[in-house]
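Here's the structure, in structure tokens; my notes come after.
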């Protein structure tokens, strides 16, 4: 099968199209023919080994995992003899997590992985972009226990995680303000934000408004300065936090009535099913910036690395 392989950390050019062995599903696994995947910030960080700490988990000198890609949409090609949940021909989508491998024509996964039947109302390209931002936003929104009527502000509202956070927070009944650049105001309004702040013209920290939840999806806010925009028992979500923000957040959570949420997310099949139901209820729409072919993977990575994408980047296989 064709796959995008990398054997060293570095620039987008380390990603090479190669022929590799097609996986065989074990007794409890399904073999998925991948129709589409996506390039996310996590893929870029792993390819570059940035931050350096990536190397302590994924390989000090060179990557242990040679095929990136954590999300997919495709069709079940074959099933192991013990599989109960899926059958050959099922259209499915999901999140592979830390085993990666979606930059390829095939991937075998346990039937108990974070997989669900693809909504019939959207294409494989659209379905593939939902799980990355969707499960990240859902994990933190559930953790923050967002309730109807709460005021939520999403910083980086036009990105993969931010656009999902705006829509999922709205589905929980929140009053949502999105923060983005001038070019993305119409997009953020179109996905349901009640108010949009253009950060090139206004700093939300300085406008006197306070919120029940501040969701920073892009690691651009000052944690200490943003506290004044948080209500007394408010919660700050830092989904893209670095180590310094994590330590600041831990201190704030320990020493005040305000809570800061960071760290590694977890997810399961129930989360993908929840996102599927939101899509079917017209409460979650995929946001796609550009579509590339598998052969254009290096080009797609170079674009994502610039940090200006709107929503998601699709790779059609």
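To the nearest ten degrees, helix 160-171 and the longest principal axis of the Cα atoms of the chain are 70 degrees apart.
With both partners inside the chain, how many of the DSSP beta bridges are antiparallel, as a percent to the nearest 5? Here the share of antiparallel DSSP bridges comes out near 50 percent. Placing a pseudo-label 7 Å from each Cα along the Cα-to-Cβ vector at residue 17 and residue 228 gives an inter-label distance of 5.4 nm.
The angle between the Cα long axis of helix 243-255 and the main principal axis of the chain comes to about 50°, on a 0 to 90 degree scale. In the elastic network of the chain, a GNM with C-alpha springs shorter than 10 Å, the most mobile of 144, 281, 36 is 281. Computed from the C-beta positions of residue 33 and residue 8 and an R0 of 25 Å, the FRET efficiency is 0.30 to the nearest 0.05. Our estimate of slack between residue 91 and residue 296, defined as 0.36 nm per intervening residue step minus the Cα-Cα distance, is 71.3 nm. Here 253, 113, 190 are placed in order of increasing Cβ neighbour count within 10 Å, fewest first, which gives 190, 253, 113. Picking from 128, 169, 270, which is most flexible by a Gaussian network model of the chain using Cα springs under 10 Å? Sorting by GNM fluctuation, first place goes to 270. The slack in the chain from residue 264 to residue 244, taken as 0.36 nm per residue of separation less the alpha-carbon distance, amounts to 5.7 nm.
Within the set (1) -0.42, -0.84, -0.94; (2) -0.29, -0.68, -0.80; (3) -0.36, -0.80, -0.94, the number that log10 I(q)/I(0) by the Debye sum over Cα atoms at q = 0.08, 0.12, 0.13 Å⁻¹ takes when calculated for this structure is listed as (3).
Centroid-to-centroid, using Cα positions, the range 154-198 and the range 4-82 are 30 Å apart. Stretching the chain fully between residue 280 and residue 308 yields a gain of 7.2 nm (0.36 nm per residue, less the alpha carbon separation). Cα axis of helix 130-143 to longest principal axis of the chain: angle in degrees, 0 to 90, nearest 10? Its long axis makes an angle of about 40 degrees. Taking 217, 302, 193 in turn, the Gaussian network model of the chain (Cα-Cα springs below 10 Å) assigns the largest fluctuation to 302.
Computed from the coordinates by the stated procedures, all read-outs in this text should not be read as laboratory data. Remember, it's a predicted structure, so these values are computed and weren't measured experimentally. With ideal geometry, Cβ positions are generated from the backbone for all residues, glycine too; neighbour counts draw on all protein chains shown.
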